[in-house]
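> Just passing along the structure, written as structure tokens.
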Amino acid sequence: MAELKLTESRDLTRIERIGAHSHIRGLGLDSSLEPRAVSEGMVGQTAARKSAGVILQMIKEGKIAGRAVLLAGQPGTGKTAIAMGMAKSLGLETPFAMIAGSELFSLEMSKTEALMQAFRKAIGVRIKEETEIIEGEVVEVQIDRPAVAGAASKAGKLTLKTTDMETVYDLGAKMIEALGKEKVQSGDVIAIDKASGKITKLGRSFSRSRDYDAMGPQTKFVQCPDGELQKRKEVVHCVTLHEIDVINSRTQGFLALFTGDTGEIRAEVREQIDTKVAEWKEEGKAEIVPGVLFIDEVHILDIECFSFLNRALENEMAPILVVATNRGITTIRGTNYKSPHGIPIDLLDRLLIICTQPYTEDEIRKILDIRSQEEDVEMSEEAKRLLTTIGVETSLRYAIHLITAAALACQKRKGKVVEMEDINRVYHLFLDVKRSTQYLMEYQNQYMFNELGDDEEDDSNAMNP
């Protein structure tokens with residue numbers, strides 16, 4: 001008898017891509033905002049994480065708006081990781097917009113317009129709306145189909161009950177179709193939106209839990225609703241100010257949300273929307289949710305952008321601004337003046353500054369362990385020790401890049417666990433910055449447009465004996 005071969009099937013409900021910060025789940029703080037040593041993908045940086053946790057708590061309580069935070073530190077010290085941790089900790093309700101400083105210069109609109117759109121993306125509006133719904137347990141669905149096809153449209157009756165009352169509703173063709181789509185049967189608890197006719201299946205009634213011996217894991221049992229069948233329910237929609245701007249800026253503006261081609265939005269449109277949102281707020285129909293705008297590589301911005309940020313932070317509907325930079329004392333772009341982090345002094349004065357420290361050897365080892373788990377790579381203890389040493393002597397990012405490369409080298413020799421020989425092989429295949437610079441120094445004369453003079457060459461040789 002021929003052997004039956006079963007092919008492995010994979011669930012592709014989500015895109016399984018491993019990014020640089022895909023292992024971050026939060027800031028790794030306990031209930032009293034004290035940082036845990038290793039938690040939620042975060043390692044070390046206890047002081048910076050605690051500071052970020054305090055800021056996060058103030059954001060959640062809605063106590064601060066229009067404040068700015070600067071994450072400053074050397075490259076590879078976890079600035080973006082802390083920002084990602086803040087985004088994950090805030091949850092889906094609070095808007096979190098993320099841009100790189102260079103994006104503002106590559107868009108088809110002015111720098112200030114791009115910044116304004118980023119600001120509006122980080123401000124949420126929670127709009128409350130009251131709708132009438134019919135909610136109850138289905139007792140019976142009776143559909144009368146005509147004997148002759150096309151003789152007349154379908155008609156039917158739906159019997160719904162709560163713990164207090166029971167009512168029979170006449171059904172039209174559309175409602176019969178909607179009930180068929182949702183596969184509604186007797187014993188289901190459903191909610192019908194009176195305005196749109198939308199049917200939502202809430203689950204099965206507990207009284208029908210013994211109808212079947214076995215049920216799927218997705219079957220949910222709920223109590224039979226009490227009180228009246230018709231109820232008024234408050235529905236909350238969460239949108240950002242930018243989405244409202246785009247929809248109102250042109251006809252069929254909602255399509256621009258999907259294509260990304262929003263273009264420049266006129267100031268008058270924004271003023272009208274702000275006025276309308278303020279009215280809703282007064283009436284209690286809407287609530288403003290100031291979110292977080294994260295600008296990475298903020299030193300790339302020029303003096304015009306910094307002036308705009310100064311003004312924008314004074315607006316009453318400003319989000320929390322979190323910026324990150326790895327620069328020291330450098331020139332402010334667009335001027336000849338030098339300033340710490342390449343940011344003007346007047347804006348620096350508004351910032352709460354959080355510093356990140358270089359990782360210790362032990363922390364690098366823990367980070368490499370987490371990344372190995374995330375990338376599904378098994379590694380021997382000796383290989384991990386060697387990789388940690390490489391991370392200390394070169395950089396953490398270089399060591400992280402070697403994990404997958406070493407796993408591929410291990411696969412090539414048909415091994416299961418990454419050993420020292422695999423790390424050694426990829427270490428010699430791919431150069432780090434120091435070895436690449438050394439190579440350039442040795443063979444600089446063979447490269448085009450070499451600008452390193454003889455005097456500088458002598459200095460570099462003295463520095464690298």
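The values are calculated or read from the model by the stated rules, or taken from the named source; none is laboratory data. Worth saying up front: this structure is predicted, and the values here are computed from it rather than measured. Neighbour counts run over all protein chains shown; Cβ positions are idealised from the backbone, glycine included. Remember, those area values only see protein heavy atoms, side chains included, never the ligands or the DNA or RNA. Shrake-Rupley method; radii C 1.70, N 1.55, O 1.52, S 1.80 Å.
> Which of the residues belonging to the range 30-72 are open to solvent by less than 50 Å² (accessible area, probe 1.4 Å), in contact (Cβ under 8 Å) with a residue 60 or more places away in the chain and farther than 18 Å from L321 by Cβ?
G41, V43, G44, Q45, listed by residue number.
> Same structure, new question: Could you tell me which residue of the range 394-406 is nearest to Y359 (Cα to Cα), considering only residues that are in contact with a helix residue (DSSP H, G or I) (Cβ under 8 Å, 6 or more places away or on another chain) and not polar (S, T, N, Q)?
Our first condition is that a residue be in contact with a helix residue (DSSP H, G or I) (Cβ under 8 Å, 6 or more places away or on another chain); within the range 394-406, this holds for 394-396, 398-400, 402-403, 405-406.
Now narrow it down to the ones that are not polar (S, T, N, Q): 396, 398-400, 402-403, 405-406.
Working: L396: 9, Y398: 14, A399: 13, I400: 14, L402: 18, I403: 18, A405: 23, A406: 23 Å.
Filtering the range 394-406 for residues that are in contact with a helix residue (DSSP H, G or I) (Cβ under 8 Å, 6 or more places away or on another chain) and not polar (S, T, N, Q), the one nearest to Y359 (Cα to Cα) comes out as L396.
> Now a separate question. Based on what the data block shows, is L313 farther than 23 Å from E129 by Cβ and modelled with pLDDT of 90 or more? Break it down stepwise before answering.
Details: farther than 23 Å from E129 by Cβ: yes; modelled with pLDDT of 90 or more: no.
It is false that L313 is farther than 23 Å from E129 by Cβ and modelled with pLDDT of 90 or more.
> Residues of the range 347-372 being closer than 21 Å to H23 by Cα and free of Cβ contacts under 8 Å to residues at least 60 places away in the same chain, which ones? Before you say what the answer is, go through the steps one by one.
Initially, the range 347-372 is screened for residues closer than 21 Å to H23 by Cα, giving 356-372.
Once the filter is applied, which keeps residues that are closer than 21 Å to H23 by Cα and free of Cβ contacts under 8 Å to residues at least 60 places away in the same chain, the range 347-372 yields E361, D362, I364, R365, L368, D369, S372.
> Go through the range 339-371 and give me each residue that's assigned to a loop (DSSP other than H, G, I, E, B), under 20 Å from P319 (Cα atoms) and open to solvent by less than 40 Å² (accessible area, probe 1.4 Å). Spell out the reasoning first.
Here is the first cut: in the range 339-371, the ones assigned to a loop (DSSP other than H, G, I, E, B) are 341-344, 349-350, 356-360.
Still in the running and under 20 Å from P319 (Cα atoms): 343, 349-350.
Correct list: I343 only.
Conditions (1) assigned by the TED database to the domain that holds D144; (2) more than 20 Å from V222 (Cβ to Cβ); (3) under 38 Å from the mean Cα position of the chain (by Cα); (4) buried (at least 17 other Cβ atoms within 10 Å of the Cβ), marked per residue:
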| site | (1), (2), (3), (4) |
| --- | --- |
| D170 | yes, yes, no, no |
| K181 | yes, yes, yes, no |
| S186 | yes, no, no, no |
| A191 | yes, no, yes, no |
| A195 | yes, yes, yes, no |
| K198 | yes, no, yes, no |
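> Quick check on the range 77-100. Is at least one of its residues surrounded by 22 or more Cβ atoms within 10 Å (Cβ to Cβ), more than 18 Å from the chain's Cα centre (by Cα) and outside the structural domain of E166 (by the TED database)?
No, because not a single residue in the range 77-100 is surrounded by 22 or more Cβ atoms within 10 Å (Cβ to Cβ), more than 18 Å from the chain's Cα centre (by Cα) and outside the structural domain of E166 (by the TED database).
> Wholly within the range 264-338, which strands (runs of 3 or more DSSP E) include no fewer than the required count, namely at least 1 residues that are open to solvent by 10 Å² or more (accessible area, probe 1.4 Å), in contact with a helix residue (DSSP H, G or I) (Cβ under 9 Å, 6 or more places away or on another chain) and over 15 Å from M116 (Cα atoms)?
286-290, 292-296, 329-331
> Can I ask one more? Could you tell me which numbered condition K416 fails, if it satisfies all but one of (1) modelled with pLDDT under 90; (2) assigned to a helix (DSSP H, G or I); (3) open to solvent by 100 Å² or more (accessible area, probe 1.4 Å)?
With respect to (1) modelled with pLDDT under 90; (2) assigned to a helix (DSSP H, G or I); (3) open to solvent by 100 Å² or more (accessible area, probe 1.4 Å), K416 is out only on (2).
> Going by the structure shown, is G26 closer than 15 Å to L351 by Cβ, outside any helix (DSSP H, G or I) and at pLDDT below 85?
On the way: closer than 15 Å to L351 by Cβ: no; outside any helix (DSSP H, G or I): yes; at pLDDT below 85: yes.
For G26, the condition - closer than 15 Å to L351 by Cβ, outside any helix (DSSP H, G or I) and at pLDDT below 85 - is not met.
> Another question about this same structure. What's the total number of residues in the range 372-389 that are part of a helix (DSSP H, G or I) and over 31 Å from the mean Cα position of the chain (by Cα)? Break it down into steps so the answer makes sense when it comes.
First, the residues of the range 372-389 that are part of a helix (DSSP H, G or I): 372-374, 381-389.
Keeping just the survivors that are over 31 Å from the mean Cα position of the chain (by Cα) gives 381-383, 385-386, 389.
So the answer is 6.
> Only one residue in K128, K88 is more than 27 Å from I192 (Cβ to Cβ), modelled with pLDDT under 85 and touching a Lys or Arg at 6+ places or on another chain (Cβ under 7 Å), so which one is that?
K88
> To continue, here is another question. Is it true that D211 is acidic (D, E), assigned by the TED database to the domain that holds V141 and modelled with pLDDT under 80?
Values: acidic (D, E): yes; assigned by the TED database to the domain that holds V141: yes; modelled with pLDDT under 80: yes.
Against the criterion (acidic (D, E), assigned by the TED database to the domain that holds V141 and modelled with pLDDT under 80), D211 qualifies.
> Right, E374: open to solvent by 10 Å² or more (accessible area, probe 1.4 Å), over 21 Å from V69 (Cβ atoms) and modelled with pLDDT of 90 or more or not?
Values: open to solvent by 10 Å² or more (accessible area, probe 1.4 Å): yes; over 21 Å from V69 (Cβ atoms): yes; modelled with pLDDT of 90 or more: no.
Spelling it out, it is not the case that E374 is open to solvent by 10 Å² or more (accessible area, probe 1.4 Å), over 21 Å from V69 (Cβ atoms) and modelled with pLDDT of 90 or more.
> Name the residues in the range 224-236 that are exposed (fewer than 13 other Cβ atoms within 10 Å of the Cβ), assigned to a loop (DSSP other than H, G, I, E, B) and at negative phi, would you? Before you say what the answer is, go through the steps one by one.
So in the range 224-236, the residues exposed (fewer than 13 other Cβ atoms within 10 Å of the Cβ) come out as 226-227, 232-236.
Retained after the next criterion (residues that are assigned to a loop (DSSP other than H, G, I, E, B)): 226-227.
Selection gives D226 alone.
> Among the basic types (K, R) and crowded, with 19+ Cβ neighbours inside 10 Å: does that describe R397?
Working: among the basic types (K, R): yes; crowded, with 19+ Cβ neighbours inside 10 Å: no.
For R397, the condition - among the basic types (K, R) and crowded, with 19+ Cβ neighbours inside 10 Å - is not met.
> Residue under question is D164, and the condition is that it be in a loop (DSSP other than H, G, I, E, B), acidic (D, E), over 35 Å from the mean Cα position of the chain (by Cα) and more than 30 Å from A114 (Cα to Cα); does it hold? Talk me through it step by step, then tell me what you get.
On the way: in a loop (DSSP other than H, G, I, E, B): yes; acidic (D, E): yes; over 35 Å from the mean Cα position of the chain (by Cα): yes; more than 30 Å from A114 (Cα to Cα): yes.
The answer is yes for D164.
> Right, here's the next one. Does D170 satisfy the condition of being among the charged types (D, E, K, R) and in a loop (DSSP other than H, G, I, E, B)? Spell out the reasoning first.
Working: among the charged types (D, E, K, R): yes; in a loop (DSSP other than H, G, I, E, B): no.
No, not satisfied.
> Just to verify a result, which residue in the range 101-129, among those that are part of a helix (DSSP H, G or I) and of a type in the set (G, A, S), is surrounded by the most Cβ atoms within 10 Å (Cβ to Cβ)? Give the derivation first.
Step one: list which residues in the range 101-129 are part of a helix (DSSP H, G or I), which gives 101-105, 111-121.
Subset that is of a type in the set (G, A, S): 101-102, 114, 118.
On the way: G101: 19, S102: 11, A114: 19, A118: 21.
Going through the qualifying residues, I end up with A118.
> Just give me the residues in the range 372-426 being of a type outside the set (A, V, I, L, M, F, W, C) and within 16 Å of T360 (Cα to Cα), in sequence order. Please lay out each step first, then the result.
Keep residues of the range 372-426 that are of a type outside the set (A, V, I, L, M, F, W, C), which gives 372-376, 378, 380-382, 384-385, 388-389, 391, 393-395, 397-398, 401, 404, 411-416, 419, 421-422, 424-425.
K384, R385, T388, T389, G391, E393, T394, S395, R397, Y398 - these are the residues of the range 372-426 that are of a type outside the set (A, V, I, L, M, F, W, C) and within 16 Å of T360 (Cα to Cα).
> So, one more: Please identify the pairs in which a residue from the range 432-453 that is under 20 Å from I390 (Cβ atoms) has its Cβ atom under 7 Å from the Cβ atom of a residue that is aromatic (F, W, Y), counting only partners at least 6 apart or on another chain.
Close Cβ pairs satisfying both conditions: D432/Y398.
> Here are some residues: L351, L347, L368. Which one is under 26 Å from the mean Cα position of the chain (by Cα) and assigned by the TED database to the domain that holds R67?
Values: L347 fails: under 26 Å from the mean Cα position of the chain (by Cα); L368 fails: assigned by the TED database to the domain that holds R67.
None of the other options fit; the residue is L351.
> Looking at T162, T200, which one is of a type in the set (V, I, T), touching a residue at least 40 places away in the same chain (Cβ under 8 Å), touching a strand residue (DSSP E or B) at 6+ places or on another chain (Cβ under 9 Å) and closer than 21 Å to C224 by Cβ? Step through it out loud before you land on a result.
Details: T200 fails: touching a residue at least 40 places away in the same chain (Cβ under 8 Å).
Being of a type in the set (V, I, T), touching a residue at least 40 places away in the same chain (Cβ under 8 Å), touching a strand residue (DSSP E or B) at 6+ places or on another chain (Cβ under 9 Å) and closer than 21 Å to C224 by Cβ holds for just one of T162, T200, which is T162.
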